[in-house]
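Chemist: Would you mind keeping the following structure in view while I ask a few things?
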Amino acid sequence: MDKTQPSPQTAPPPPTLEELRHSCSHVLAQAVVQLWPGTKLAIGPAIENGFYYDLDSSHAFVPEDLPVIEERMRALCKERQRFVRTEHPREEALKEFSSKGEIYKVELIEGLPDATVSYYTNGDFTDLCRGPHVRHTGLLKHFKLMSIAGAYWRGDEKRPMLQRIYGIAFDTKEALEAHLVLLEEAAKRDHRKLGKALGIFTFDDEVGPGLPLWLPNGAAIIEELESYAKQTEAAAGYQRVKTPHICKESMYLRSGHLPYYKDSMFPPMEFEGVKYYLKPMNCPHHHKIFAAEPRSYRDLPVRLAEYGTCYRYEQSGELFGLMRVRSMQMNDAHIYCTLEQFQDEFLAVCRMYLEYFRVFGIEKYVMRFSTHAAEGLGKKYVDQPELWKKTEEMVEQALIHGKINYVRVPNEAAFYGPKIDVQVWSAIGREFTLATNQVDFAVPARFDLTYKNREGKPETPLCIHRAPLGTHERFIGFLIEHYGGRFPLWLAPMQLKILTLTDNEAAPAQALAERLRAAGLRVELDVRPEKLGHKIREASLQKVPYQAILGPKDAAAGSVMLRVQDGRQAPVAFDALAEKLLKEVREKTPAPLIP
RNA sequence: GCCGGGGUAGCUCAACGGCAGAGCAAUCGCUUCGUAAGCGAUAGGUUGUGGGUUCGAAUCCCAUCCCCGGCUCCA
């Protein structure tokens, strides 16, 4: 009923998501201050998919507060208060906020370089904010408060912990609802939930947190992944090695890991006066294999691969299902090569990634290229700054040359070289960090790794650390969510379930199962005296790719009715069944096929 | 590690100071059946663990372990 509404020609552009989200966080703070006067305000930025506000209140927020706060926010929005931006000299703002005891705002202003700072005011509420905001609160409609959480002030664990309230905001009702549907869908696909329901893995209090136990169905997936990886690596000229799970302290002192990563390693065990550590990575062991024999430039590149089990003492609060664990099986390999060979080797690794993405149906990916700190080389730098820079240039050139989709992220490199994190997006658009690769110029020298060059002089090789399939733990966690538990035939723990109609089919069903198993297929039998609908339901809930229905008519015809979960089906002769399924397994068909 | 929320049957959950329950799964019987739940019966528990308060504790308090949402971290 806004009579002053401007004509369409002069209508202001619709608010952007950033404006909506900033404004929502402003109104959130306003509502909280009204409900709990004296709450100190910290910061309320717009974030991907939403916004949050950090608050320091004598009131301890509980989830039940969220609807109360949200109701107050909606009341404020109904008032259609204009947001008014004002500029104030820095000193004046400092004085004003310190007089109010807004210590966090004071610190924020102190960190701002500009001579003036901006406030946004609506009604009687004013907040320090850079903006931008929407014109008035009436434009804020499609938002929802989601959760409360603790957050360290300025992300520093040594500083006070504030209370953070998260919300989401969109420009349309449809977008908000779509996002909520996505969250629901994500919850349904949660690998922890599906992993349990499908009998893939479990945790046990007495085994310990972060130490997954792989159940038979999980082990079946592991075996398939591993054999695929081994096949791929063999074809790419990798050699397989095996190394122990522990080693002496001196190796990690030499590698340089111990000073940096001691906190993330399980404490050492000591015997015969020597400390031994569980290995948190395979690199030093592989370096020792490289060093085990004299190497010539003719031998390079040397590619050593191992599905090595590593142990990392992740903090208890960091553990998360299969995604962050304390024992992990890595699809690891180290490539030792010359500077000249670097680009080809690096791109071959990238191509292996792309092939994996294709096979697993990963459509969106990005390589995060992590370099050294922007200013100087920082503490992580070991020695030889020229070589460090050169390595980064080499990596970046290889990425460009190979037309690899990458983004540059400064200051997140490993201590021995630049890092490439592989981000992928699952079928429902959730982001995962699957794997991380490093280019290492530092550690081979520390291990005195050398090869004889053409002139017979010793030279230090470059080392590429690569793990395209990451760890079994994280990769299978990703696959569960990516496929929603409906694995392609080659990975499915149970590939086919034979469902009988009457007792008369029990014997032929058993014979067929034995035949298929002998062919190498994972087959289960359901001969219980249950109705077919019941059996189909159970097999569907177990997400078995194929159901083979065997009734009197099928038995007479010498075939089964091969059914997929969505109900499509076709008869397949006993004699043709194994080959049909094996073909799909060989070809790694993404979804079950009905002839 | 930090802030907050949780932990009840194999699973999903109820009971919230007064006899610990339901559905599904399981077991046993009946049913021999054609495309996502056939019928009946039985069994299933030291309410995560250890203390405390109380006539009485799943319920209130303390400690501890584990899980969840975040923060921090992620070689």
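Laboratory data are not the source of any read-out in this text; all were calculated from the coordinates shown. Remember, predicted model here, so these are calculated numbers, not experimental data. Don't worry about glycine lacking a Cβ; one is built from the backbone with ideal geometry, like all the others, and counts go over all protein chains shown.
Chemist: Once R0 is set to 60 Å, what does the formula 1/(1 + (r/R0)^6) return for the Cβ-Cβ distance between A:Ile594 and A:Tyr260, expressed as a FRET efficiency to the nearest 0.05?
Modeler: 0.65
Chemist: Cα centroids of region A:321-344 and region A:66-96: how far apart, whole angstrom?
Modeler: 50
Chemist: Determine, for A:Glu538, A:Glu587, the number of other Cβ atoms within 10 Å of each Cβ, and report the residues in order from fewest to most.
Modeler: By the 10 Å Cβ count, ascending, the order reads A:Glu587, A:Glu538.
Chemist: For the peptides A:268-275, A:451-458, A:165-172, A:41-48, what is the packing order when you average, over each peptide's residues, the other Cβ atoms within 10 Å and list the highest mean first? Let's see the in-between values first.
Modeler: Values: A:268-275: 9.9, A:451-458: 11.9, A:165-172: 20.8, A:41-48: 18.6.
Peptide ranking by packing, descending: A:165-172, A:41-48, A:451-458, A:268-275.
Chemist: Among rounded, prolate and oblate, which fits region A:451-493 when a ≥ b ≥ c are the square roots of the eigenvalues of its C-alpha gyration tensor, a/c under 1.5 means rounded, and a/b larger than b/c means prolate?
Modeler: Prolate is the answer for region A:451-493, as a/c is 1.5 or above and a/b outweighs b/c.
Chemist: Label region A:1-103 by shape, choosing from rounded, prolate and oblate, from the square roots a ≥ b ≥ c of the eigenvalues of the Cα gyration tensor; if a/c is under 1.5 it is rounded, and otherwise prolate applies when a/b is larger than b/c, oblate when it is not.
Modeler: oblate
Chemist: Which whole-angstrom value gives the distance between the alpha carbon centres of region A:406-465 and region A:208-247?
Modeler: 21
Chemist: Among the lysines, which have Cα under 17 Å from the Cα of A:Lys173 when same-chain residues fewer than 8 positions away are ignored?
Modeler: Partners within reach: A:Lys78, A:Lys141, A:Lys144.
Chemist: With the dipole of region A:103-165 worked out from charges on the C-beta (+1 for Lys and Arg, -1 for Asp and Glu) around the Cα centre, which of A:Phe143, A:Ile165, A:Thr121 lies farthest toward the positive end?
Modeler: Working it through, the farthest residue towards the positive pole turns out to be A:Phe143.
Chemist: A further question on this structure: Quick check for me: using +1 on Lys/Arg Cβ and -1 on Asp/Glu Cβ, what's the dipole size of region A:1-105 about its Cα centre, in debye to the nearest 20? Intermediate values should be presented prior to the final figure.
Modeler: Numbers: 13 positive and 16 negative charges, 75 e Å.
Its charge dipole is roughly 360 debye.
Chemist: Also, I was wondering about something else. Please list 3J(HN,Hα) in residue order for region A:20-28, calculated via the Karplus relation 6.51 cos²θ - 1.76 cosθ + 1.60 where θ = phi - 60°; whole Hz, with x for glycine and proline.
Modeler: 4, 6, 4, 5, 4, 5, 4, 5, 4
Chemist: Along the charge dipole of region A:1-154, Cβ charges K/R +1 and D/E -1, which of A:Ile109, A:Ala93, A:Ala46 sits furthest on the positive end?
Modeler: Comparing the listed Cα positions along the dipole, A:Ala46 ranks first.
Chemist: Using 0.36 nm times the number of residues separating A:Arg240 and A:Trp36, minus their current alpha carbon distance, what extension gain do you get?
Modeler: Values: separation 204, 0.36 × 204 = 73.44 nm, distance 6.32 nm.
Once the chain is fully extended between A:Arg240 and A:Trp36, it gains 67.1 nm.
Chemist: For region A:581-588, take each phi angle, set θ = phi - 60°, evaluate the Karplus expression 6.51 cos²θ - 1.76 cosθ + 1.60, and give the result in whole Hz per residue in order, putting x for glycine and proline.
Modeler: Running phi through 6.51 cos²θ - 1.76 cosθ + 1.60 with θ = phi - 60° gives 5, 5, 5, 5, 5, 4, 7, 6 Hz.
Chemist: If you don't mind, there's one more thing I want to ask. If you consider only alpha-carbon coordinates, what radius of gyration and Dmax does region A:519-595 have, in Å?
Modeler: 12.4, 36
Chemist: Once chain A is represented by equal point scatterers at the alpha-carbon sites, with solvent omitted, what log10 I(q)/I(0) does the Debye formula produce at q = 0.09, 0.11 Å⁻¹?
Modeler: Scattering profile of chain A, log10 relative to I(0): -0.94, -1.17.
Chemist: I need the phi-derived Karplus couplings for region A:446-454: 6.51 cos²θ - 1.76 cosθ + 1.60, θ = phi - 60°, integer Hz, Gly and Pro marked x.
Modeler: 4, 8, 6, 6, 9, 9, 8, 7, 3
Chemist: List A:Ile335, A:Ile222 from most exposed to least, where exposure is judged by having the fewest other Cβ atoms within 10 Å.
Modeler: In order of increasing Cβ crowding within 10 Å: A:Ile222, A:Ile335.
Chemist: Would you mind computing, in nm to one decimal, how far apart the modelled labels at A:Ala573 and A:Glu587 are, each placed 7 Å from Cα along Cα→Cβ?
Modeler: So the label points at A:Ala573 and A:Glu587 sit 2.0 nm apart.
Chemist: Additional query: Considering amide H positions built from the backbone, and no H for Pro or chain starts, which residues 5 or more places from A:Cys129, or on another chain, come under 5 Å of its amide H?
Modeler: Close amide H contacts, sequence-distant or interchain: A:Ser118, A:Tyr119, A:Tyr120.
Chemist: Does region A:245-362 come out rounded, prolate or oblate, given a ≥ b ≥ c as the square roots of the eigenvalues of its C-alpha gyration tensor, rounded meaning a/c under 1.5 and, failing that, prolate meaning a/b above b/c?
Modeler: Oblate shape, in that a/c is at least 1.5 and b/c is the bigger or equal ratio.
Chemist: Another question, if that's okay. Taking the Cα centre as origin and putting +1 on Lys and Arg beta-carbons and -1 on Asp and Glu beta-carbons, what dipole magnitude results for region A:72-172, to the nearest 20 debye?
Modeler: My answer is approximately 600 debye.
Chemist: Can I ask one more? So how long is each side of region A:60-160 along the principal axes, counting just the alpha-carbon atoms, biggest first, in Å?
Modeler: 37, 36, 22
Chemist: Sorted from largest down, give the three principal axis spans of the alpha carbons of region A:98-227, whole angstrom values.
Modeler: Principal-axis extents of region A:98-227 (Cα, largest first): 64, 41, 27 Å.
Chemist: For A:Tyr152, what is the net charge nearby, where nearby means another residue's Cβ is under 14 Å from its Cβ and Lys, Arg count +1, Asp, Glu -1? If you can, show how the numbers build up before the last one.
Modeler: Working: positive: A:Arg154, A:Lys158, A:Arg159, A:Arg164; negative: A:Asp54, A:Asp56, A:Glu107, A:Asp156, A:Glu157.
Computed value for this residue: -1.
Chemist: Work out the charge dipole of region A:430-485 with +1 on the Cβ of Lys and Arg and -1 on the Cβ of Asp and Glu about the Cα centre, then indicate which of A:Ile480, A:Ala435, A:Leu449 is farthest towards its positive end.
Modeler: Farthest along the dipole direction, towards plus: A:Leu449.
Chemist: Taking the Cα atoms of region A:446-595, what is the range of coordinates along each of the three principal axes, in descending order and whole Å?
Modeler: The principal-axis extents, from largest down, are 78, 30, 24 Å.
Chemist: Order of A:Cys24, A:Cys337 from fewest to most other C-beta atoms within 10 Å?
Modeler: A:Cys337, A:Cys24
Chemist: Can you compute the charge dipole magnitude of region A:167-241 about its Cα centre, using +1 on each Lys and Arg Cβ and -1 on each Asp and Glu Cβ, nothing else charged? Give it in debye, rounded to the nearest 20.
Modeler: Here the size comes out at about 140 debye.
Chemist: All other residues with a Cβ under 11 Å from the Cβ of A:Pro488 taken together, and with Lys, Arg as +1 and Asp, Glu as -1, what is their net charge?
Modeler: -1
Chemist: Let me ask you something else. If you take every residue apart from A:Lys275 with its C-beta less than 13 Å away from the C-beta of A:Lys275, what net charge results, scoring Lys and Arg +1 and Asp and Glu -1? Each step should come with its number before you reach the end.
Modeler: Values: positive: A:Lys248, A:Lys262; negative: A:Glu249, A:Glu270, A:Glu272.
So the environment of A:Lys275 carries a net charge of -1.
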